[in-house]
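See below for the structure under consideration.
The values are calculated or read from the model by the stated rules, or taken from the named source; none is laboratory data. All values reported here derive from a predicted model rather than from experimental measurement. All Cβ positions, even for glycine, are placed from backbone atoms using ideal geometry, and neighbour counts span all protein chains on display.
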């Protein structure tokens with residue numbers, strides 16, 4: 001029969017060996033632990049296995065690293081047993097993004113023994129303050145946050161940033177809330193779909209329609225990408241902000257454009273419905289494109305040309321950066337981008353398109 005030690009993951013065997021040395025005093029505060037190479041030889045394991053063991057001890061507050069020198073034991077008074085909980089604050093406005101992001105986060109953190117505590121935004125600064133307070137009461141190790149403009153009024157979030165608590169923004173950032181972030185490559189995605197409208201369909205007058213302002217990075221970057229494509233081809237781009245709940249009533253002002261680039265698929269479908277109610281044929285009279293590639297985008301009529309995002313990859317990358325912050329205290333690059341993909345269907349004017 002296999003021993004209990006042999007049934008354990010190898011990195012846990014290495015971890016428990018080091019932890020025992022620390023707790024028995026064989027390794028004293030500020031002592032350098034054996035090098036990665038020494039531990040690899042001692043346990044006949046890979047460098048990845050050794051690093052995982054050391055990473056967990058750093059995250060749990062037993063060790064600290066000096067770049068290029070090694071890992072050392074923390075002084076007892078500096079050791080703090082942090083929780084294995086990650087505070088995840090997501091938008092309630094988009095199931096597609098939020099569920100995908102959460103799935104990516106959990107896939108990454110669960111194998112490392114961490115768990116997500118989830119709260120959803122309601123864009124009420126008072127209740128959101130209470131939700132972040134709850135995170136702190138639970139002693140979460142760090143935060144992954146889908147931000148929105150109302151968060152600017154959340155003093156607790158600003159305080160956490162000022163204290164340099166481990167926070168990673170996901171999907172977008174908001175002006176004046178500076179920190180680490182993982183976003184889709186919104187600028188490239190918007191450039192690609194706008195370039196398609198111009199080069200393939202000859203569109204010269206394009207409206208960029210959005211619910212949110214350019215103070216939100218995803219909106220700003222999509223507008224920048226579309227602007228760049230238009231400037232290269234002598235086409236015009238007009239920014240139009242519309243009110244939620246009354247998009248159809250505002251569609252009359254869009255009739256004079258060659259094409260509408262809606263900032264999200266949900267908005268694109270509302271715009272298409274409003275234009276069709278005005279008797280316009282899409283795409284014969286006007287082209288419409290979106291951004292997201294939601295599940296329904298292939299089933300509306302005409303099917304929606306859009307830009308595919310990969311929220312699971314965003315969540316996974318955000319979790320990886322957060323755990324690196326917990327381990328190292330710093331990550332060299334603040335902004336991280338996940339690639340997008342142009343998905344061509346019928347609403348732009350294409351009659352045939354590759355399977356999406």
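Couple of notes before you dig in:
- Of all positions in the stretch 222-231, at least one carries a residue that is surrounded by fewer than 14 Cβ atoms within 10 Å (Cβ to Cβ) and under 23 Å from residue 337 (Cβ atoms).
- Against the criterion of being touching a residue at least 24 places away in the same chain (Cβ under 8 Å) and in contact with a strand residue (DSSP E or B) (Cβ under 7 Å, 6 or more places away or on another chain), residue 185 qualifies.
- Residue within the stretch 244-263 that is touching a helix residue (DSSP H, G or I) at 6+ places or on another chain (Cβ under 8 Å) and within 21 Å of residue 103 (Cβ to Cβ) present: no
- The stretch 12-32: number of residues that are surrounded by 20 or more Cβ atoms within 10 Å (Cβ to Cβ) and either assigned by TED's automatic domain parsing to the domain that holds residue 324 or outside any helix (DSSP H, G or I) (or both): 1
- Just so you know, in the stretch 51-66 the residues that are surrounded by fewer than 21 Cβ atoms within 10 Å (Cβ to Cβ) and part of a helix (DSSP H, G or I) include one that is modelled with the lowest pLDDT, and it is 58.
- Considering residues of the stretch 211-221 that are in contact with a strand residue (DSSP E or B) (Cβ under 7 Å, 6 or more places away or on another chain) and outside any helix (DSSP H, G or I) only, the residue surrounded by the most Cβ atoms within 10 Å (Cβ to Cβ): 216
Quick grid of which residues meet (1) surrounded by fewer than 18 Cβ atoms within 10 Å (Cβ to Cβ); (2) over 25 Å from the mean Cα position of the chain (by Cα); (3) at pLDDT 85 or above; (4) outside any loop (DSSP other than H, G, I, E, B):
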| site | (1), (2), (3), (4) |
| --- | --- |
| 49 | no, yes, yes, yes |
| 68 | yes, yes, no, no |
| 80 | yes, yes, no, no |
| 88 | no, no, yes, yes |
| 101 | no, no, yes, yes |
| 105 | no, no, yes, yes |
